[in-house]
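Here the structure comes first, spelled out in structure tokens, and everything after it is commentary.
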Amino acid sequence: METLEWGKLITLSRSEVAGAASNFEYAAGKASGTTGSPEASGGRT
């Protein structure tokens with residue numbers, strides 16, 4: 001049971017980190033004028 005809970009926490013934090021990273025990449029791409037690229041729009045996983 002505890003292992004499952006830890007798994008949920010780890011998965012959640014990973015997705016939060018990924019979301020923050022793609023938001024940062026989008027903002028950085030927007031600032032440098034490359035919004036059209038897949039990296040800038042968070043297309044890279």
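FYI, it's all coordinate maths here, none of it is from the lab. Computed from a predicted structure; not experimentally measured. For neighbour counting, all protein chains shown are included, and Cβ atoms are generated from backbone atoms with ideal geometry for every residue, glycine included.
Distance between the pseudo-spin-label points of Lys30 and Ser15 (7 Å out from Cα toward the beta carbon): 2.3 nm. For the peptides 10-16, 20-26, residues were scored by their other Cβ atoms within 10 Å and the scores averaged per peptide; the highest-first order is 20-26, 10-16.
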